[in-house]
1. Given the options R223, R54, R41, which has the most mean-square fluctuation in a GNM of the chain, springs set between C-alpha atoms less than 10 angstrom apart?
2. Rounded if a/c is under 1.5, else prolate if a/b beats b/c, else oblate: with a ≥ b ≥ c from the C-alpha gyration tensor eigenvalues square-rooted, which is region 87-171?
3. Identify all aspartates and glutamates with a Cα-Cα distance to K43 below 15 Å; exclude those on the same chain that are fewer than 8 residues away in sequence.
4. What do you get for the angle between helix 91-101 and the principal long axis of the chain? Use alpha-carbon atoms, 0 to 90 degrees, nearest ten.
5. How large is ³J(HN,Hα), in whole Hz, for each residue of region 61-78 in order, when computed from phi with the Karplus curve 6.51 cos²θ - 1.76 cosθ + 1.60 and θ = phi - 60°, using x for Gly and Pro?
6. If each DSSP helix of 4+ residues adds -39,500 (n - 2.57) and the sum is divided by the residues in the chain, what number results at 222 nm, nearest 500 deg cm²/dmol?
7. Calculate how steeply helix 204-239 sits against the longest principal axis of the alpha-carbon atoms of the chain, using the helix alpha-carbon long axis, and give the answer as 0 to 90 degrees to the nearest 10.
8. For a quick check: with amide H placed at 1.01 Å from N, whose amide H comes under 5 Å from K43's, ignoring anything fewer than 5 positions away on the same chain?
Amino acid sequence: MPLPAKAFQHWLHSVAPATSTADICRISGVKRTTLAQQLVRGKVAEATLVSISRALGLNPVDGLAGFESYAGLRDTSRPPTQAELVSQIATTDLLRAVIARTGGGGEATAALSPAPHATSVRNWVDAIDDGDVRHRVSAATGVAPQNFSAQLTANRLAPELAVATSRAAGVGLAGGLVATGLITEAEAGWAPGARQAALEALSDGELAALAGDRLQALGKALRRQEQEQAQTEKIWENLG
């Protein structure tokens, strides 16, 4: 859930006591009207705190962890699992690795694209799902499973749902926020090169199977988009 405005203002005063709201907005890129509206509503978006933290040279994870709904976010005792790390590798990077390993050319150690990627949220949830995590998240948050699935289809997940999903799966709380793009790998405390190491740890068979699964999912998504586009064009034709 968004951050309580009073708690946010207390945090802001603690990290920038002598800085005006106008200056905070100017250096962070947050519009004054946006911040004012959020404060009036009593709910400040997590992205606002992240932008301000970065502008002040602070790790946004430290700021978020001070709010009740994000308690434990800074806990580094549960690093990302191998499956989580692999889930944050883009499909194109997996395909390059397949080509490199099978002798088709390309750089075997080419730098990975930064997280998140086009299917990072769904891949992350799939990586930590034991088959029942969606129902546990629904029970804990009151969000209907179909609404949860709709967010995954759109490759997005509200920050509070990402954290709730991590709790339900028993993994580190920061992984979902990396998958959604709210914070970076470094801000989450992931070890440098962790994703690359996870990729290199995959056997050739595991890598090929994973790339195949990703391509199959991509094919389904593209076919769905094509069907939707065809239906839209048909409607416009009928409207004449």
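The values are calculated or read from the model by the stated rules, or taken from the named source; none is laboratory data. Predicted model, so just to flag it, every value in this text is computed and none were measured. All Cβ positions, even for glycine, are placed from backbone atoms using ideal geometry, and neighbour counts span all protein chains on display. In case anyone asks, the SASA skips ligands and DNA or RNA and just uses the protein heavy atoms, side chains included. Shrake-Rupley method; radii C 1.70, N 1.55, O 1.52, S 1.80 Å.
1. So, out of R223, R54, R41, the one fluctuating most is R223.
2. Cα axes put region 87-171 in the prolate bin.
3. Partners found: E68, E160.
4. The angle comes out near 50 degrees.
5. Whole-Hz 3J(HN,Hα) from phi for region 61-78: 4, 5, x, 4, 4, x, 9, 3, 5, 10, 4, x, 4, 7, 5, 9, 6, 10.
6. -19000 deg cm²/dmol
7. That helix lies at roughly 80 degrees to the long axis.
8. Those qualifying (amide H under 5 Å, at least 5 residues apart or on another chain) are A5.
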